[in-house]
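Okay, structure first, notes after.
The values are calculated or read from the model by the stated rules, or taken from the named source; none is laboratory data. The structure displayed is predicted, hence computed values, not measured ones. Here the Cβ positions follow ideal geometry from the backbone for every residue, glycine too, while neighbour counts run over all protein chains shown. Surface areas here come from the heavy atoms of the whole protein model, side chains and all, with no ligands, DNA or RNA. Shrake-Rupley method; radii C 1.70, N 1.55, O 1.52, S 1.80 Å.
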Amino acid sequence: MNIAKRSLGAFSKRFYSSSKIVPKHNTIQDIRDKYNAGTPLSMCTAYDFITATWVNKANCDLLLVGDSLAMTSLGYDSTITLSLDEFKYHVSSVCRAEGPSLVVADMPFGTFESDISDGLKNAIDIMKLHSKVTSIKVEVGSYIKDKYAMRFIQELCSRGIPVMAHIGLTPQKVHSLGGYKVQGNKSLLQMQELFETAKQLQKIGCWSIVIECVPHKMAQFITSKLSIPTIGIGAGNGTSGQVLVISDLLGMQGESVPKFVKQTVNIRDIATKGLKEYITSVEDRTFPEKDSHTFKVKDDLWNEFLSSTNHK
Ligand code: KIV
């Protein structure tokens, strides 16, 4: 059964006064139930109303408004340049799409690094954009080197803001990582730190963790030692679920996609073919077709019009 439908059932009894308390989308508890049942979780990014409509229609468990939108939708060369205002605009449009997918929104670079209270305010502002925003996602380095992010996450969790942490390759830290590189495969220390970071994140209250570009053995090991779901990207199939960037998955951009992506369709080719067909039909005047694409006016009215303008 669709897990959003199950939550409708769970919420059909009213526990507090409100005229509108039925969430028509998956809740964190629904995701936990699916995880506890051992069923893999699906997650995909979406950046606007139309892509969010597709993700919901496909009944994806989780929808991530990722800051990857900076590169995939806005044409920036990294996620670092994205502003909070640009990001919020996209979160709001995604949330206007109806459907079951639980919406998680990123904390873009620069929205929490300057100080904790500034970060808390920005996280709350993102949550307040729409009631569908159910969780914030925060990229975090090693628990030893990135004590600040650990503290920030703890502050969020202690205020009842659900946090999905993001470890391994964290694109917002591309410069300190020295590029977009696989993590947790260089040294014993790096592997131990990755594992310890995941455990600490669970301890301070994260409800789930994204693990990006990590050897599959590491991701599987971490997953087996945690009691919260892990969502992998480039981390093999031993995680509790998978996430992909929609433009990679659906072939919306160039030919080259990261090694870990399974491209299921090539929308760019389909779209370009459709556009070329449109251009040709405009140029050879086969579009618009007289009957199917045009509107009519009654003959007598038309003739009256012509007479009025003296053009018979
Ligand atoms: O921003 C994003 O899309 C992400 C995913 C790659 C996990 O963080």
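Kindly indicate the residue of the range 108-131 that is β-branched (Val, Ile, Thr) and part of a helix (DSSP H, G or I) and also nearest to Asn26 (Cα to Cα) among those meeting that condition.
That would be Ile126.
Taking the condition outside any helix (DSSP H, G or I), touching a residue at least 12 places away in the same chain (Cβ under 8 Å) and surrounded by 11 or more Cβ atoms within 10 Å (Cβ to Cβ), does Val261 pass?
Yes.
Do the conditions hold for Thr134, that is, is it assigned to a helix (DSSP H, G or I), buried (at least 19 other Cβ atoms within 10 Å of the Cβ) and not hydrophobic (A, V, I, L, M, F, W, C)?
no
Select, from Gln242, Gln202, the only residue that is within 24 Å of Asp67 (Cα to Cα) and touching a Leu at 6+ places or on another chain (Cβ under 6 Å).
Gln202
Could you list all residues from the range 69-86 that are outside any loop (DSSP other than H, G, I, E, B) and within 14 Å of the ligand (Cβ to nearest atom)?
Leu69, Ala70, Met71, Thr72, Glu86
Quick one: would you say Asp106 is away from the ligand (no atom under 16 Å from the Cβ), modelled with pLDDT of 95 or more and either assigned by TED's automatic domain parsing to the domain that holds Ala165 or open to solvent by 20 Å² or more (accessible area, probe 1.4 Å) (or both)?
No; evaluated as a whole, the condition is false for this residue.
Based on what the data block shows, is Val91 among the hydrophobic types (A, V, I, L, M, F, W, C), in a helix (DSSP H, G or I), within 14 Å of the ligand (Cβ to nearest atom) and modelled with pLDDT under 95?
no
Which of (1) farther than 19 Å from Ser73 by Cβ; (2) not assigned by TED's automatic domain parsing to the domain that holds Ile153 does Leu275 not meet, given it meets every other one?
That leaves (1) as the condition not met.
Which of the helices (runs of 4 or more DSSP H) found entirely inside the range 146-239 contain at least 1 residues meeting this: within 14 Å of the ligand (Cβ to nearest atom), assigned by TED's automatic domain parsing to the domain that holds Gly38 and surrounded by 18 or more Cβ atoms within 10 Å (Cβ to Cβ)?
Correct list: 216-225.
Conditions (1) over 11 Å from the mean Cα position of the chain (by Cα); (2) crowded, with 24+ Cβ neighbours inside 10 Å; (3) within 21 Å of Gly254 (Cβ to Cβ), marked per residue:
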{"site": "Asn36", "(1), (2), (3)": "yes, no, no"}
{"site": "Ile50", "(1), (2), (3)": "yes, no, yes"}
{"site": "Thr53", "(1), (2), (3)": "yes, no, no"}
{"site": "Ala58", "(1), (2), (3)": "yes, no, no"}
{"site": "Ala70", "(1), (2), (3)": "yes, yes, yes"}
{"site": "Ser73", "(1), (2), (3)": "yes, no, yes"}
{"site": "Ser78", "(1), (2), (3)": "yes, no, yes"}
{"site": "Ser83", "(1), (2), (3)": "yes, no, no"}
{"site": "Pro100", "(1), (2), (3)": "yes, yes, no"}
